[in-house]
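Student: Got a structure here, written out as structure tokens. Questions coming.
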């Protein structure tokens, strides 16, 4: 049975770890997006000046 | 970037003011999509747990293979997901991307997500097959047609993933990747028919053979079927999450520059400009 057990453990572990990694990646990116959006909320009250100067 | 003409109070000359930077709205996942994803995730977990329970404790040992038959409840399932569900979907998505009428980055993201998940299942296929092969054939690996072509498939899709990491415009990357996915897909029918076309160590089709007559019976057949369904649900859940990651990554890539500029602008306008202070509005122009 040790080959059978090893097969189940390896396959299920790979799928589980990949699933956890996916969930973690998504959470990290969702946080990055919400941080970026909240960071840009208080933005440009005054636009930058682009033009000719002396 | 369009600008509007205004009067520069410093120089008294007309100038062009940059408009407020407005990044595209962030991609929001609907409550319905989140609920669907959770339901699929729970079903996948429960189904997989049942498959393991039936496979390891309920089903009887095989007349010829003994307990090793228990590996068969997961090995064909992961192989089915990798070969047909994941890489098949990637192929169809790539075709849809290349077809001018259906061209959309949606198909590109779907193909990328499908390939990544498929590669994980392909690795599981090779490992579980190898663990079954050692006690059955006496070797961990044989340069058998089915095994070798499955390994080639893995290398091809790893190449696809590597190609996607090269810096390029989204459309260029999508087109290149779609062509590579179609090239890699040539190997899918080769893997499928390898057991018929060549004399291989790997057993022939047990469930999906030419006569559509299953050679597996009773509780073994039901456990195998449940394994197929559960692992497919695992794949669907992973695909949904991976697709969402692609959407978020693309949004950040597209808007990162705008957001950084907006941040700098807000920093510049939050502080009072002073002599020699770098916080004064940026002046770009020809003197």
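The values are calculated or read from the model by the stated rules, or taken from the named source; none is laboratory data. Predicted, not measured: the structure shown is a model, and the values here were computed from it. Cβ atoms come from the backbone with ideal geometry, glycine included; neighbour counts cover every protein chain shown.
Student: Please find, within segment B:234-256, the residue that is nearest to residue B:117 (Cα to Cα) out of those that are more than 9 Å from chain A (Cβ to nearest Cβ) and over 14 Å from the mean Cα position of the chain (by Cα).
Tutor: The qualifying residue nearest to residue B:117 (Cα to Cα) is B:250.
Student: Residues to consider are B:178, B:168; find the one that is exposed (fewer than 15 other Cβ atoms within 10 Å of the Cβ) and more than 17 Å from residue B:81 (Cα to Cα).
Tutor: Values: B:178 fails: exposed (fewer than 15 other Cβ atoms within 10 Å of the Cβ).
Checking each option against the conditions leaves just B:168.
Student: OK, next. Consider residue B:143 against the criteria (1) more than 30 Å from residue B:47 (Cα to Cα); (2) part of a helix (DSSP H, G or I): it satisfies all of them except one. Which criterion is unmet?
Tutor: (2)
Student: Considering each residue of segment B:141-150, count those that are without any contact (Cβ under 8 Å) to a residue 40 or more places away in the chain and over 14 Å from residue B:125 (Cβ atoms), and give that number.
Tutor: Just the residues of segment B:141-150 that are without any contact (Cβ under 8 Å) to a residue 40 or more places away in the chain, to begin with: B:141, B:143, B:148.
When the remaining residues are screened for being over 14 Å from residue B:125 (Cβ atoms), the result is B:143.
Counting residues in segment B:141-150 that are without any contact (Cβ under 8 Å) to a residue 40 or more places away in the chain and over 14 Å from residue B:125 (Cβ atoms) gives 1.
For (1) crowded, with 21+ Cβ neighbours inside 10 Å; (2) within 14 Å of chain A (Cβ to nearest Cβ); (3) within 19 Å of residue B:189 (Cα to Cα); (4) touching a strand residue (DSSP E or B) at 6+ places or on another chain (Cβ under 8 Å), each residue gets a yes or a no:
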| site | (1), (2), (3), (4) |
| --- | --- |
| B:53 | no, yes, no, no |
| B:63 | no, no, no, no |
| B:68 | no, yes, no, yes |
| B:71 | yes, yes, no, no |
| B:79 | yes, yes, yes, no |
| B:122 | yes, yes, yes, no |
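Student: Here's a check for you: in segment B:40-83, which residue that is in a loop (DSSP other than H, G, I, E, B) and free of Cβ contacts under 8 Å to residues at least 60 places away in the same chain is nearest to the chain's Cα centre (by Cα)?
Tutor: In the first step, residues of segment B:40-83 are kept if they are in a loop (DSSP other than H, G, I, E, B); the result is B:59-61, B:63-65, B:74.
Adding the requirement that they be free of Cβ contacts under 8 Å to residues at least 60 places away in the same chain leaves B:61, B:63-64.
Working: B:61: 36, B:63: 39, B:64: 38 Å.
By that ranking, first place goes to B:61.
Student: Mind checking whether some residue in segment B:89-102 is in a loop (DSSP other than H, G, I, E, B), out of contact with any helix residue (DSSP H, G or I) (no Cβ under 6 Å at 6 or more places or on another chain) and away from every other protein chain (no Cβ under 11 Å)?
Tutor: Step one: of segment B:89-102, the residues in a loop (DSSP other than H, G, I, E, B) are B:99.
After this cut, where a residue has to be out of contact with any helix residue (DSSP H, G or I) (no Cβ under 6 Å at 6 or more places or on another chain) as well, the list is B:99.
Next, from what is left, pick out any that are away from every other protein chain (no Cβ under 11 Å): B:99.
Checking segment B:89-102: at least one residue is in a loop (DSSP other than H, G, I, E, B), out of contact with any helix residue (DSSP H, G or I) (no Cβ under 6 Å at 6 or more places or on another chain) and away from every other protein chain (no Cβ under 11 Å).
Student: Given the conditions (1) surrounded by 20 or more Cβ atoms within 10 Å (Cβ to Cβ); (2) modelled with pLDDT under 95; (3) in a helix (DSSP H, G or I), and given that residue A:32 satisfies all but one, which numbered condition is not satisfied?
Tutor: It fails just one condition, (1).
Student: Can you name the residue in segment B:151-200 that is without any contact (Cβ under 8 Å) to a residue 12 or more places away in the chain and in a loop (DSSP other than H, G, I, E, B) and is also nearest to the chain's Cα centre (by Cα) among such residues?
Tutor: Ranking the qualifying residues of segment B:151-200, first place goes to B:165.
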